[in-house]
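Take a look at the structure below.
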Number of protein chains: 2
Amino acid sequence: MRGQETEPVPDVVVSRLPLYLRTLTFLAEEGAEIVSSAKLAGRLGLSPAQIRKDLSHFGEFGKQGSGYQVAYLRQKLQEILHLTRTWDVALVGAGDLGHALAHYGGFIDRGFRISLVFDNNPQKIGREVGGLTVLSTELMKAELRRRQIRVAIIAVPAAAAQKVADELVDAGVSAILNYAPITLNVPAGVNVQYMDPVVHLQHMTYYLEPPAQ
Amino acid sequence: MRGQETEPVPDVVVSRLPLYLRTLTFLAEEGAEIVSSAKLAGRLGLSPAQIRKDLSHFGEFGKQGSGYQVAYLRQKLQEILHLTRTWDVALVGAGDLGHALAHYGGFIDRGFRISLVFDNNPQKIGREVGGLTVLSTELMKAELRRRQIRVAIIAVPAAAAQKVADELVDAGVSAILNYAPITLNVPAGVNVQYMDPVVHLQHMTYYLEPPAQ
């Protein structure tokens, strides 16, 4: 799909595709077979024009006036985002957050599977988390290379996160989801996304009137 | 600040303000006093023009060619986002994720404090999490109203999340950060933000070439 354009698709457009996919999945579960760009837009808080423009980067997905076929568009988005396979994911950090992620039910049917869990705490190494045995971070580089893991989640304290990121990159990981509240320095070609609850809370307090203290 | 315009600021602009604030905080910690829109843009992966346009909704924050004063712009963003006070936050769910959130160090100096923790599991009620005693969700409505809590985090399983959201809204909460992997139905005027790790992973796999399986 990406070969249709010489210009790369803007990252902000790419960032919206998973939201489209998530909404189409909900619509499919609700039994919808066709969805108008207006309805899709309403569910996403975007304009119909924005959705049509975003999707136009990747081809023609709907006839004017007849809406999108939910199953077809969903399949195409999965192809564009490389989700027709399951990605093995390394999870670094087996604390509370690591446990929550290892037990998170939302990965497997959306293209991901936590396949390895690492920690540097001798009390955690060897224990089972979400059906996986926690491995020492000393084994991380070799294991990630052996299994060609490209995707990792950092769920360690802020003070340890940069060192973990360096090791992940060194082992060939090029997509990192970071839960630690710091900005990571990574080389060009490595993608980092941040899970920062405060950014979302601050977005919402804009709309709140502060009560009297 | 918001009174300067009759048109509401687009939500997509509001959504970027916490990212500006976070980056300015990093810059301040690095000792920067002035930052150019080009440098700020580089750190954020946006264009300088976008940043100037976003900020222009709220007033004049930099002289042409001289950059932004980091401390001043930071202060102004905190005012715009209503962060010059600390918001009490109710956390619903005292499982692994709830524990991780209760111990998360990134809230307090960014405008939020988890003040109440609820769970419906008798084995969790009365136990201490992050210095707070877990309360029964049966007390939730009364406690939230009494303390005028407006902001809540849902960290319960997907099957329980809608019921919790209904109760939060009924108790006067109008900003919900939802970690459960479902879309919540809430009335107009209630804001929901989603913490969905898969959306971020899918964004990154767009850029990955699938290895041979």
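The residue that is farthest from the other protein chains (Cβ to nearest Cβ), counting only those in segment B:171-191 that are farther than 21 Å from residue B:95 by Cα and surrounded by 17 or more Cβ atoms within 10 Å (Cβ to Cβ), is B:171. Hey, any hits in segment A:168-189 for a residue that's touching a Lys or Arg at 6+ places or on another chain (Cβ under 7 Å) and touching a residue at least 60 places away in the same chain (Cβ under 8 Å)? Yes: one or more hits. Listed conditions (1) surrounded by 17 or more Cβ atoms within 10 Å (Cβ to Cβ); (2) farther than 30 Å from residue A:145 by Cα are all met by residue A:56, apart from (1). Taken over segment B:111-128, the criterion of being in contact with a Leu (Cβ under 7 Å, 6 or more places away or on another chain) and not aliphatic (A, V, I, L, M) is satisfied by B:111, B:112, B:118. With respect to the conditions (1) touching a strand residue (DSSP E or B) at 6+ places or on another chain (Cβ under 6 Å); (2) at the interface with chain A (Cβ under 10 Å from one of its Cβ atoms), residue B:196 falls short on a single one, namely (1). Those helices (runs of 4 or more DSSP H) of segment A:82-170 in which 3 or more residues are surrounded by fewer than 16 Cβ atoms within 10 Å (Cβ to Cβ) and acidic (Asp, Glu) are absent. Here the condition is being over 14 Å from residue B:21 (Cβ atoms), touching a residue at least 40 places away in the same chain (Cβ under 8 Å) and assigned by TED's automatic domain parsing to the domain that holds residue B:14; of B:59, B:65, it holds for B:59 alone.
Select from segment B:103-115 the residues that are more than 15 Å from the chain's Cα centre (by Cα) and at pLDDT 95 or above and list them in ascending order. Matches in segment B:103-115: B:115 only. Of the set (1) within 10 Å of chain B (Cβ to nearest Cβ); (2) over 17 Å from the mean Cα position of the chain (by Cα), all apply to residue A:155 but (2).
Matching residues to (1) modelled with pLDDT of 90 or more; (2) within 14 Å of chain B (Cβ to nearest Cβ); (3) buried (at least 19 other Cβ atoms within 10 Å of the Cβ):
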residue: A:3; (1), (2), (3): no, yes, no
residue: A:6; (1), (2), (3): no, no, no
residue: A:24; (1), (2), (3): yes, yes, yes
residue: A:45; (1), (2), (3): no, yes, no
residue: A:61; (1), (2), (3): no, no, no
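When restricted to residues that are of a type in the set (Val, Ile, Thr) and within 14 Å of chain A (Cβ to nearest Cβ), segment B:136-149 contains 1. Scanning segment A:68-115 for residues that are without any contact (Cβ under 8 Å) to a residue 12 or more places away in the chain and hydrophobic (A, V, I, L, M, F, W, C) turns up just one, A:100.
For every residue, the table says whether it meets (1) facing another protein chain (nearest Cβ under 10 Å); (2) of a type in the set (Val, Ile, Thr); (3) under 23 Å from residue A:208 (Cβ atoms).
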| position | (1), (2), (3) |
| --- | --- |
| B:101 | yes, no, yes |
| B:107 | yes, no, yes |
| B:129 | yes, yes, no |
| B:151 | yes, yes, yes |
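Taking segment B:63-81 as the range and being surrounded by 18 or more Cβ atoms within 10 Å (Cβ to Cβ), in a loop (DSSP other than H, G, I, E, B) and more than 10 Å from chain A (Cβ to nearest Cβ) as the test, no residue passes.
The values are calculated or read from the model by the stated rules, or taken from the named source; none is laboratory data. Since the structure is predicted, the reported quantities are computational estimates derived from the model, not experimental observations. Note: ideal-geometry Cβ built from the backbone for every residue, glycine included; neighbour counts use all protein chains shown.
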